[in-house]
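Data first, discussion second: the structure below is written as structure tokens.
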Amino acid sequence: MNGLLTDLYELTMAAGYFAAGKHEETATFELTIRRLPKNRDFVVAAGLHRAVDYLLNLSFTEDEIKYLQGLPSLHNAEPGFWDYLAGFRFTGDIFAVPEGTVLYQGQPVMNVRAPLIEGQIAETYLLAAIGYETLVASKAARIVHAAAGRDIIEFGTRRAHTPEAGVLGARAGYIGGCAGTSNTLAGYLYGIPVLGTAAHSWVMSFASEAEAFERLQRLLGDRTVHLIDTYDTLEGARTAARLGRPLRGVRIDSGDLDQLSREVRVILDQAGLTEARIMVSGDLEESKIELLVKAGAPIDAFGVGTELTTSADAPNIGAVYKVVAIGNTGNVRYPVKSSPEKHTIPGAKQLFRLPDHDVLTLATECISGAEALLQPVILGGNLVQPLPNANQIRERATKALNPWPVANRPMEHSPKLTALIEQVRGETPK
């Protein structure tokens, strides 16, 4: 994994740590949700798979080291630092909440316990990996909830910020409850159901809409879904009805989706195609879907792209990555940041989930009858066990989201954590 995929200051700090003899000093960093995204009462954690892949394969090539040696900011780095980077590997421990877990503001996602430089260099990538997929999984959960049992199909790759983001967005959307994706690579990599038939260009490439529909039926058989709004939606529905089976359904991509779906349903039913499904799409998000559902529109599935894959209404998350402990057992100090609205809580921590509230504790504590959410993922630089697949993660998320999680779930600090906070507060330089 490319060691340069980080911010420069991670590497300048690494060189400084090395010069100060701190490169072997153990540190614990914590990735925490400082602030929830806009319009979110909670988030659905995702992206751990990328974080793990990054840490297990993180290294620096000879060419990358030569590039770094040419940067003015690193001209004063000690010669031994470059040898250190040449042999760089992640050797630390990772404790993280499983993907598909519901989290609230102020709750930790991951603890990284490693030599100081190893933990520092990882900051940028881990924040990006966890942040993006968590945003999309959380958005997907809201959209799926609004659909009230109707399928949500993710097809946002063409609107994603990069094609690669489209693949990751498809995975995160599936974790959040989407029934499938249009992204073929996501289907191949993660075992996600892949769905899709034809676009308006298919219809427009034939001399008539009827010929386009007939050709599509020859190709797709009972998987056929006709896109009926290229010219006139109701005429398109009538054409599809005349051709009859094999037919899985029709899709409407524009216009008054409520009224059109009702009229199209009548046309299909009168032709005896009562089993044919109606799917709609076109700049949809949870509020529009909720209105259609509440209105009783006869819609069986929604296709959602841009709003989902970009998490358009909340495109960033206030996650932070801060050092919370330095040193080994028996000789640990607890650095804290005390600036207003950006203060940190000292010590490696555990998050326990009880039926009606959560408890944030020191990592060494246990609470009987509660679920410890931060679980070992990497120990000593090695993966503890294979990570769950996308279907298993989706199942976890589905259970966590049913019933729909409450806003402002109570979270308390354990007495031992409270005592440590008070102790460190009294020791913090003013």
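The values are calculated or read from the model by the stated rules, or taken from the named source; none is laboratory data. For clarity, every value in this text was computed on a predicted model and none was experimentally measured. Neighbour counts run over all protein chains shown; Cβ positions are idealised from the backbone, glycine included.
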If you go through the stretch 171-185 one residue at a time, how many are buried (at least 24 other Cβ atoms within 10 Å of the Cβ) and touching a Gly at 6+ places or on another chain (Cβ under 8 Å)?
-> 6
With criteria (1) in contact (Cβ under 8 Å) with a residue 60 or more places away in the chain; (2) of a type outside the set (A, V, I, L, M, F, W, C); (3) touching a strand residue (DSSP E or B) at 6+ places or on another chain (Cβ under 7 Å); (4) surrounded by 21 or more Cβ atoms within 10 Å (Cβ to Cβ), Asp151 comes up short on (4)
Contact list, first residue from the stretch 224-247 and over 16 Å from Ser261 (Cβ atoms), second anywhere and among the charged types (D, E, K, R) and modelled with pLDDT of 95 or more, beta-carbon distance below 7 Å, six or more apart or interchain, is Thr224/Arg248; Thr230/Glu209; Tyr231/Glu209; Thr239/Glu209; Leu243/Glu214; Pro246/Asp222
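Determine whether Phe90 is touching a strand residue (DSSP E or B) at 6+ places or on another chain (Cβ under 9 Å), among the aromatic types (Phe, Trp, Tyr) and either over 29 Å from Lys342 (Cα atoms) or buried (at least 22 other Cβ atoms within 10 Å of the Cβ) (or both). Can you show your working first?
Details: touching a strand residue (DSSP E or B) at 6+ places or on another chain (Cβ under 9 Å): yes; among the aromatic types (Phe, Trp, Tyr): yes; either over 29 Å from Lys342 (Cα atoms) or buried (at least 22 other Cβ atoms within 10 Å of the Cβ) (or both): yes.
Yes, satisfied.
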Among strands (runs of 3 or more DSSP E) entirely within the stretch 329-411, at least 2 residues that are within 16 Å of Gly106 (Cα to Cα) occur in 349-353, 358-362
Phe213: among the aromatic types (Phe, Trp, Tyr) and not in a helix (DSSP H, G or I), yes or no?
-> no
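Search the stretch 412-430 for residues being part of a loop (DSSP other than H, G, I, E, B) and more than 30 Å from Val44 (Cβ to Cβ), and hand back the single one that is modelled with the lowest pLDDT.
Lys430
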Kindly provide the set of residues from the stretch 267-283 that are surrounded by fewer than 18 Cβ atoms within 10 Å (Cβ to Cβ), in contact with a Leu (Cβ under 9 Å, 6 or more places away or on another chain) and over 18 Å from Asp256 (Cα atoms), ordered by number.
-> Thr274, Glu275
Scanning the stretch 23-48 for residues that are assigned to a loop (DSSP other than H, G, I, E, B), at negative phi and buried (at least 17 other Cβ atoms within 10 Å of the Cβ) gives His23, Leu36, Pro37, Arg40, Phe42, Ala45, Ala46
Here is a list of conditions, (1) over 25 Å from Glu290 (Cβ atoms); (2) surrounded by 16 or more Cβ atoms within 10 Å (Cβ to Cβ); (3) modelled with pLDDT of 95 or more, and Thr197 meets all of them except one; can you say which number that is?
-> (3)
Only residues that are of a type in the set (Asp, Glu), out of contact with any His (no Cβ under 8 Å at 6 or more places or on another chain) and either closer than 16 Å to Arg353 by Cβ or assigned to a loop (DSSP other than H, G, I, E, B) (or both): list them for the stretch 72-109, please.
-> Glu78
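Can you tell me how many residues within the stretch 291-311 are of a type outside the set (Lys, Arg) and part of a helix (DSSP H, G or I)?
7
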Residue pairs qualifying under the 8 Å Cβ cut-off, at least six apart or on distinct chains, with the first in the stretch 179-190 being in contact (Cβ under 8 Å) with a residue 40 or more places away in the chain and the second being charged (D, E, K, R) and surrounded by fewer than 21 Cβ atoms within 10 Å (Cβ to Cβ), are Ala179/Asp151
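Per-residue answers, yes or no, for (1) surrounded by 19 or more Cβ atoms within 10 Å (Cβ to Cβ); (2) in the same structural domain as Thr197 (by TED's automatic domain parsing); (3) not acidic (Asp, Glu):
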| residue | (1), (2), (3) |
| --- | --- |
| Ser261 | yes, yes, yes |
| Ser338 | no, no, yes |
| His343 | no, no, yes |
| Ala348 | yes, no, yes |
Do we find that Val112 is assigned to a strand (DSSP E or B) and in contact with a helix residue (DSSP H, G or I) (Cβ under 7 Å, 6 or more places away or on another chain) in this structure?
-> yes
What pairs come up if the first residue lies in the stretch 65-79 and is under 12 Å from Leu4 (Cα atoms), the second is modelled with pLDDT under 95, and their beta carbons are under 9 Å apart, counting only those six or more places apart or on different chains?
-> Ile65/Gly3; Leu68/Gly3
